[in-house]
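Written below as structure tokens is the structure these notes are about.
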Amino acid sequence: MQSLSTIGKSRIVVTGANGHNQTDGVGRRGLVLSALALLAAGPSRAGVSDAKTLRDTNAIAMERIPDYEAAFAGFRRESAGMPDRAVLSQAEMAAMTATGEVRLADGASFLREDGELGWVARHFAAQLAAGAPFDHHDAGGRGAADRIALLCRRLVGVNAENLYASSAFDPDRAASAGRLGLDNLMQSPGHRANILDPRWTHAGMGAAVGPDGFVLVQLFAERAALLAAALPTTLPAGAPLPAGCQQAAEGAFSGLALVPMDRQVAAGDFQRPGGARAPASRGLHRSYFARAGERTERTAAYTIHPGPMLLVV
């Protein structure tokens, strides 16, 4: 089976190993003009009331999947009912609408909003607004592909992330903040390439406000498939995988693999769906799902898509 080839130009990196297409974040210093375009107002708190909780979540180690999932679930419960959420949702909706408009004008594919991606983006935006380093990787070592693979337990497909920050935010003009974020990202070649990439089928926008201002996180995904059932968070070595997470909701796969995080996927890693088991090697693994493509008398081509992570214990 063939894997996605590694390609890279300028500030964009695409790899078959982690399915992560990312660009460098827009720095706060480069956004003075953006900030001046908004009426300066005292920023409200981001996401949840306890900034330390967000920073602590940011530092949870990759292997502690249950702890990370529990912190994420707590964030969703608490932030969903906060007064700030309605205001920040206006910024997110405006960014989503503006993103769809520029894609339509460029002839790119239609982009659907994904609620789960939106919450993953919102969670990371809140961490950045609470004082976490403005970077695609958090203190626990997770990039966008890792966060999606940990928290979206059915999603199969490559993804991308854009980050934007501005030093000012007016709650009465929240939609303007979302649109302005998109306008600024479109001025950067790497971020523009992410926004207009025709592969993406779904997206989620996450907005937050903290002491340093406004943060917007864009997550894009090519939804190659949704698993019929969520991949378990943990599984004993050698245990069979539940049947539902070995197939897509819309059809079967040609093969699936669970690969340790420290190496690339290879043809020998793939098992036949229906009889797949967790590998003997313990630790954090990423799932990959293959579909058959063109065939000749001597060769067969496959497309390989990354899926959720699994902790083998």
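Data table
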item: Residue list for the range 114-141, restricted to those being open to solvent by 10 Å² or more (accessible area, probe 1.4 Å), aromatic (Phe, Trp, Tyr) and within 16 Å of GLY204 (Cα to Cα); result: TRP119
item: Hits in the range 131-171 - residues which are within 19 Å of the chain's Cα centre (by Cα), hydrophobic (A, V, I, L, M, F, W, C) and not in a strand (DSSP E or B); result: ALA132, PHE134, ALA139, ALA144, ALA145, ILE148, ALA149, LEU150, LEU151, CYS152, VAL158
item: Scan of the range 70-89 for residues that are open to solvent by 50 Å² or more (accessible area, probe 1.4 Å) and either in contact with an Asp or Glu (Cβ under 7 Å, 6 or more places away or on another chain) or in a helix (DSSP H, G or I) (or both), ordered by number; result: ALA70, ARG76, ARG77, GLU78, ALA80, PRO83, ALA86
item: So ALA174, is it part of a helix (DSSP H, G or I) and touching a residue at least 40 places away in the same chain (Cβ under 8 Å); result: yes
item: Residue in the range 246-253 that is among the acidic types (Asp, Glu) and out of contact with any strand residue (DSSP E or B) (no Cβ under 7 Å at 6 or more places or on another chain) present; result: no
item: In the range 162-197, the residues that are surrounded by fewer than 22 Cβ atoms within 10 Å (Cβ to Cβ) and among the small types (Gly, Ala, Ser); result: SER167, ALA168, ALA175, SER176, SER188, GLY190, ALA193
item: Yes/no for ALA221 being under 30 Å from LEU163 (Cβ atoms), open to solvent by less than 10 Å² (accessible area, probe 1.4 Å) and small (Gly, Ala, Ser); result: yes
item: Qualifying residue in the range 90-103 (condition: surrounded by fewer than 16 Cβ atoms within 10 Å (Cβ to Cβ) and in a loop (DSSP other than H, G, I, E, B)); result: no
item: Flag if THR53 is open to solvent by 40 Å² or more (accessible area, probe 1.4 Å), within 16 Å of ALA207 (Cβ to Cβ) and among the hydroxyl-bearing types (Ser, Thr, Tyr); result: no
item: In the range 198-216, residue farthest from ALA168 (Cα to Cα) [restricted to those that are in contact with a strand residue (DSSP E or B) (Cβ under 7 Å, 6 or more places away or on another chain) and of a type in the set (Gly, Ala, Ser)]; result: ALA203
item: Where ALA144 falls short, out of the listed (1) surrounded by 15 or more Cβ atoms within 10 Å (Cβ to Cβ); (2) of a type outside the set (Lys, Arg); (3) at pLDDT below 95; result: (3)
item: First in the range 95-112 and over 22 Å from VAL215 (Cα atoms), second anywhere and surrounded by fewer than 14 Cβ atoms within 10 Å (Cβ to Cβ), Cβ under 6 Å, 6 or more apart; result: ALA108/PRO198; SER109/PRO198
item: Test result for LEU111, surrounded by 13 or more Cβ atoms within 10 Å (Cβ to Cβ), in contact with a helix residue (DSSP H, G or I) (Cβ under 6 Å, 6 or more places away or on another chain) and modelled with pLDDT of 90 or more; result: yes
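The values are calculated or read from the model by the stated rules, or taken from the named source; none is laboratory data. All values reported here derive from a predicted model rather than from experimental measurement. Backbone-built Cβ (ideal geometry, glycine too); neighbour counts: all protein chains shown. In case anyone asks, the SASA skips ligands and DNA or RNA and just uses the protein heavy atoms, side chains included. Shrake-Rupley method; radii C 1.70, N 1.55, O 1.52, S 1.80 Å.
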